[in-house]
């Protein structure tokens, strides 16, 4: 099953040339754009939006890093540069509503851009998907391969503690009729995957264990055969962790967007 | 009671209050060395925080049993202070149990309640001493507690046991004297009390003189002990009993993921991009970008340091600390207070602040520590008294990145890649849409 599927996702530049305004801007993020694993999540989420006929657009080559990692690594100058350019662009297009699959982009756009002049309604895809399910717009198939499957959810710090979004991703999983099992540390007590604060882009400091291994052990201890995530960095960390434990044959790491995309009734998107 | 005792008491009370207020003023002066800070959120929200987090100790209850025991000590402390009001009045006015007559039947009820609390406090303090020194609880055994911090914790518990015991012996000897008809004790008969009545058989056979010596000794040691404890606070981690309240009030009411903005840099970028916006009157740039020393931190960061009681809940949940990295959020707070105290002592000596060639970063906190942080906010979430170690870590990182240019080499590449490719990975912006055409599997 290796066919090429291309999306016709317009960019804001294209739309505005036609004088059109999309319902929502999909902020793809750098991981979603360039990381091969995260690209699949981007395709899955864009697939869901297309499937539902939602008018959305991307920024395409005009999108730039929000500045989250450089800000947390201490480079405020570079962060302010990135923020300035992004806000100029978003305001120029008069963007009102943004959805993103990355909790780090979500946090920066939602919490850090307003005082720099960027005011938007920013939604993480976990909440967005939950909304669509609640409204009955997403219809899920009755014979999903995840039905009754033991699944554990790993809280992203930037979704959870940073923004207190704990229930939305769980509600999405419940809608899939899976058997949700919680790890020892979950929700506000959830253990980080190890990638935040620009750690994704450097070697871990010296210690006696890798953080993603510690977290993976907790995930595996639940007996779940699938670890659901809602963040591209958590995805990388948990995938690496599962691999390093030699469990990648039995245990999958999937984003909640992928789970929903694979469970759509009248599937067109896989 | 003779007039000499009253004079002595007034003298001790006066000098204790004077010394305490002097030390607290020094601490407030130290906190004011920090940068400006304006707490976000409404008054209402912040008072709610004071009620829930400080008075209600909401976050303590994630460990319910420990929270209950801690609450007993806390309630004991607050409620038994009502009895201290009577003791202070007696001491100054030369009266004996001045509230017994006016309060009537309520009086024995209150003293009984205090005695039960005192007994519970003793039990809990003993349990806490055992937990701290005998049980394998990781957060009590970290290296950063070696030396004074560990002694400090034990001293507090032992003092509390002694003070509560003195209160019970005071009542036991007092009631014994009442029963023997000794004046002024028998002026108002209170009857036996719930807990101290069990101590009375121990002193049953004592002479009136010995009982009076015991009663006076217990009375004096108890109140002098309380005043001494008051003056121990400014030197101790126990200061959290005061600072937890303002700290809860001044905690920002915004999503934890939001980093503190640096308006001075925001302005610089704006002027670089839109030079026409540069105001005619030049603004003085800040002394430093980020924080190297305690004065570069906000006064809330510094108040955080004085609010810390070194319980270690932050380090217990820290992903870096629990996987053996050098970072310990508790140590960040302890270092901040230690350095601030050092700065304060220098100011005490010379009257003003002069560079001493030392700083929080490097002399107290090493770069390896702050580099291990994943900014996951677990420490912030865990703190029962609203301390934010992450905010300090990020300000130290800003200093390292922007003033020292000392960041891990991978971050140097991260910066240059972000600047040139507009992404943390080396892909040109033209490839941003490639995900649309990749084969899916």
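Some values worked out for this structure:
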quantity: Answer residue from segment B:394-430, given it is within 7 Å of another protein chain (Cβ to nearest Cβ) and surrounded by fewer than 18 Cβ atoms within 10 Å (Cβ to Cβ) and is nearest to residue B:312 (Cα to Cα) among those; calculated: B:410
quantity: Residue that is more than 14 Å from chain A (Cβ to nearest Cβ), outside any loop (DSSP other than H, G, I, E, B) and touching a strand residue (DSSP E or B) at 6+ places or on another chain (Cβ under 6 Å), where the choices are B:276, B:304, B:335; calculated: B:335
quantity: Which numbered condition residue B:391 fails, given (1) farther than 30 Å from residue B:60 by Cα; (2) more than 8 Å from chain A (Cβ to nearest Cβ); (3) in a helix (DSSP H, G or I); calculated: (1)
quantity: Residue A:160 being free of Cβ contacts under 8 Å to residues at least 60 places away in the same chain, closer than 23 Å to residue A:223 by Cβ and under 15 Å from the mean Cα position of the chain (by Cα); calculated: yes
quantity: Single residue of A:228, A:224 found to be more than 14 Å from every other protein chain (Cβ to nearest Cβ), surrounded by 19 or more Cβ atoms within 10 Å (Cβ to Cβ), modelled with pLDDT of 95 or more and out of contact with any helix residue (DSSP H, G or I) (no Cβ under 9 Å at 6 or more places or on another chain); calculated: A:224
quantity: Options A:208, A:163: the member that is at the interface with another protein chain (Cβ under 7 Å from one of its Cβ atoms) and out of contact with any strand residue (DSSP E or B) (no Cβ under 9 Å at 6 or more places or on another chain); calculated: A:208
quantity: Lone qualifier among A:111, A:91 - being part of a helix (DSSP H, G or I), within 21 Å of residue A:200 (Cβ to Cβ) and touching a residue at least 12 places away in the same chain (Cβ under 8 Å); calculated: A:111
quantity: Every residue from segment A:79-101 that is crowded, with 18+ Cβ neighbours inside 10 Å and touching a strand residue (DSSP E or B) at 6+ places or on another chain (Cβ under 6 Å); calculated: A:95, A:98, A:99, A:100
quantity: Pair list, Cβ under 9 Å, 6 or more apart: segment A:220-231 residue free of Cβ contacts under 8 Å to residues at least 60 places away in the same chain, other residue not in a strand (DSSP E or B); calculated: A:220/A:241; A:220/A:242; A:220/A:245; A:220/A:247; A:220/A:251; A:221/A:183; A:221/A:184
quantity: Residue check, residue B:251 within 30 Å of residue A:160 (Cβ to Cβ), more than 14 Å from every other protein chain (Cβ to nearest Cβ), part of a loop (DSSP other than H, G, I, E, B) and in contact (Cβ under 8 Å) with a residue 60 or more places away in the chain; calculated: yes
quantity: Residue tally, condition more than 9 Å from chain B (Cβ to nearest Cβ), under 19 Å from residue A:255 (Cα atoms) and either surrounded by 23 or more Cβ atoms within 10 Å (Cβ to Cβ) or out of contact with any strand residue (DSSP E or B) (no Cβ under 8 Å at 6 or more places or on another chain) (or both), over segment A:107-127; calculated: 4
quantity: Check on residue B:395, within 32 Å of the chain's Cα centre (by Cα) and at pLDDT below 95; calculated: no
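The values are calculated or read from the model by the stated rules, or taken from the named source; none is laboratory data. A quick note: this is a predicted structure, and the numbers were derived from the prediction, not measured. In this analysis, Cβ positions are derived from the backbone assuming ideal geometry, glycine residues included, and neighbour counts consider all displayed protein chains.
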